[in-house]
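First the structure, in the form of C-alpha cells, and then the observations on it.
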Amino acid sequence: MATEFSASSRELRERRAQYLQQQAALKEAEAAKRLAESARRAELERQQAAAKAAQYEAAALQELQQLRARRAAAKKAFEEDQGKLDEELASRTARELALREEAAARRAAEEAAARWARRLGGGLNGGLVQAHVF
C-alpha cells in the first residue's frame with residue numbers, strides 16, 4: 001500500500017507540476033498575445049500619425065507656395081507702383097523746373113524792360129512803360 005500511495009503521490013505531483021507548467025505556459029502565451037496586440041496597436045498608431053504628419057506637411061508646403069506666390073505678386077505690384085510714382089515724380093519735377101525757368105525768364109524780361117524804361121528816361125505815358133513777356 002505504501003508503494004501504491006507513493007506511486008499515486010508521485011503521479012499527483014507530476015500531474016500538478018504538469019498543470020503548473022501548462023498554467024505558466026498559458027500565462028506566457030496570453031502575455032505574448034497582449035504584447036503582440038499592443039505592438040500591433042502601436043504600429044497602427046505610428047502609421048496613422050505618419051499619415052497625418054504627411055498631410056500636415058503637404059498642407060504646409062501648399063500654404064508656403066501660396067504665400068510665396070502672393071509675396072511675388074505683391075512685390076511686382078509694388079515695383080509697378082514704384083515705377084509709376086517715379087514717373088510721376090519725374091514728370092512733376094520736370095513741370096516744376098519748366099515753371100521755374102519760365103518764371104525766371106519772365107522776371108529777367110521784366111527786369112530788362114524796366115532797365116530799358118529807365119534808360120529811355122520816362123518814355124511813353126509820363127514815364128510808365130510796361131512790358132509783358134509771355
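The values are calculated or read from the model by the stated rules, or taken from the named source; none is laboratory data. Keep in mind that this is a model prediction, so the values were computed, not measured. Cβ atoms come from the backbone with ideal geometry, glycine included; neighbour counts cover every protein chain shown. Ligands, DNA and RNA are excluded from the accessible area calculation, which covers all protein heavy atoms including side chains. Shrake-Rupley method; radii C 1.70, N 1.55, O 1.52, S 1.80 Å.
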What does the accessible area per residue of the chain come to in Å², with a 1.4 Å probe and no ligands, DNA or RNA counted?
92
A correct Kirkwood calculation over the Cα atoms of the chain returns a hydrodynamic radius in Å of 26.8
How big is the dipole moment of region 4-77 about its Cα centre under a simple scheme where the beta carbon of each Lys and Arg is +1, that of each Asp and Glu is -1, and everything else is neutral? Debye, nearest 20, please.
760
When all protein chains stay in place, what accessible area (Å², nearest 10, 1.4 Å probe) is found for SER8?
60
Along the charge dipole of the chain, pointing to its positive end and built from +1/-1 on Cβ of Lys, Arg, Asp and Glu, which listed residue (ALA72, LEU61, ALA104) has its Cα farthest out?
ALA104
Where nothing but the Cβ of Lys and Arg (+1) and of Asp and Glu (-1) is charged, how large is the charge dipole of the chain around its Cα centre, in debye to the nearest 20?
180
